[in-house]
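Data first, discussion second: the structure below is written as structure tokens.
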Amino acid sequence: MSAAVPPYPRGRELLAGRTVLVTASAGSGIGFATAKRCAEEGAVVMLSDIHTRRLAEHADALEREIGRRVHRMACDVRDAGQVAALIAAALEAMGRLDVLLNNAGLGGTHAVTETSDAQWEAILDTNLGGTFRCMRAALPAMIAQGGGSIVNMGSICAWRAEAGQSAYAASKAGILAMTRCVAIEAAEHGIRINAVVPSLALHPHLRKVSSAAHLDRMIRENEAFGRAAEPWEIANAVVFLASDYASYMTGEALSVSCRRA
């Protein structure tokens, strides 16, 4: 028997006056849910995604829902020039960059013996390389303004073994290690860098790339609540890390999970 999904939380102005940029935020997953929760907590938000049409649709939808401007810009995080342009556009549109969520990611299930160099490189370059490029581009602006918060998207695969996930797990473990190291570099500038580590959050895109039987088995065998997380439940953890409630946290990886050991 599964635990009931709790009521959707109301905003409490936890990010009032802040500016937030979320990568890979056009869709029904964690990125868009985080942008929405940040807006509901009072932040000015900017959405970015590699899919231009989908980005416009979701930014427009969020504008209608919250009743104020939602900034947007397409970006491929594998391209350093596009990443630099994204950060510059965020600063021009919002005046400063208080919070960055590095959510862009690429998955795939492949046994090591069946993983091509191209598949390996695409996953590592999007997940780990993209996070690196976005932090490298955002940090000078945050240093200049005297502070900020970066939240990187990890995965339970960084800690728990799962067949077929070697490339994805390696990229996510790299993100957690990089988060710890860059957090030490940024601490003297009043910048906090943390990671969120979800187990399983269900959304339509995941259902498209994973079979129903596989997802049902994962939930049944791994999730103590008998259900997957809602994307907004992961977003709540991002809001927490971005807010003053996490003012003494940096270099940490916050697990958002009910997974059995």
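The values are calculated or read from the model by the stated rules, or taken from the named source; none is laboratory data. Every value quoted in this text rests on a predicted model; they were computed, and no experiment measured them. FYI the Cβ positions are ideal-geometry reconstructions off the backbone, even for glycines, and counts take in every protein chain you see.
Would you point out the residue of the range 63-89, among those that are in contact with a Lys or Arg (Cβ under 9 Å, 6 or more places away or on another chain) and buried (at least 20 other Cβ atoms within 10 Å of the Cβ), that is farthest from residue 230 (Cα to Cα)? The selected residue is 83.
Looking across 111, 93, one residue alone is of a type in the set (Gly, Ala, Ser), over 16 Å from the mean Cα position of the chain (by Cα), more than 27 Å from residue 167 (Cα to Cα) and surrounded by fewer than 21 Cβ atoms within 10 Å (Cβ to Cβ). It is 93. Checked against (1) touching a strand residue (DSSP E or B) at 6+ places or on another chain (Cβ under 9 Å); (2) buried (at least 16 other Cβ atoms within 10 Å of the Cβ); (3) at pLDDT 95 or above; (4) outside any strand (DSSP E or B), residue 128 meets all criteria but (1).
At pLDDT 95 or above, in contact with a Cys (Cβ under 8 Å, 6 or more places away or on another chain) and closer than 24 Å to residue 201 by Cα: is that true of residue 86 in this structure? When the stated conditions are applied, residue 86 does not pass them.
Close Cβ contacts (under 8 Å, 6 or more residues apart or on different chains) running from residues in the range 58-77 that are at pLDDT 95 or above to residues that are exposed (fewer than 14 other Cβ atoms within 10 Å of the Cβ) and part of a helix (DSSP H, G or I) comprise 70/60; 74/52.
For the range 159-192, a tally of residues being in contact with a strand residue (DSSP E or B) (Cβ under 7 Å, 6 or more places away or on another chain), of a type in the set (Gly, Ala, Ser) and within 24 Å of residue 240 (Cα to Cα) returns 2.
Counted as qualifying within the range 156-236 are the helices (runs of 4 or more DSSP H) with 3 or more residues that are modelled with pLDDT of 95 or more and within 27 Å of residue 122 (Cβ to Cβ), namely 166-187. As for the range 54-67, it holds at least one residue that is within 18 Å of the chain's Cα centre (by Cα) and of a type outside the set (A, V, I, L, M, F, W, C). Could you list, in sequence order, all residues of the range 67-114 that are in contact with an Asp or Glu (Cβ under 7 Å, 6 or more places away or on another chain) and either assigned to a helix (DSSP H, G or I) or not basic (Lys, Arg) (or both)? Those that are in contact with an Asp or Glu (Cβ under 7 Å, 6 or more places away or on another chain) and either assigned to a helix (DSSP H, G or I) or not basic (Lys, Arg) (or both): 70, 74, 82. Residue count for the range 6-31 satisfying the condition of being assigned to a loop (DSSP other than H, G, I, E, B) and surrounded by 13 or more Cβ atoms within 10 Å (Cβ to Cβ): 12. Looking across the range 144-170, the residues that are of a type in the set (A, V, I, L, M) and more than 24 Å from residue 235 (Cβ to Cβ) come down to 144, 161, 163, 167, 170.
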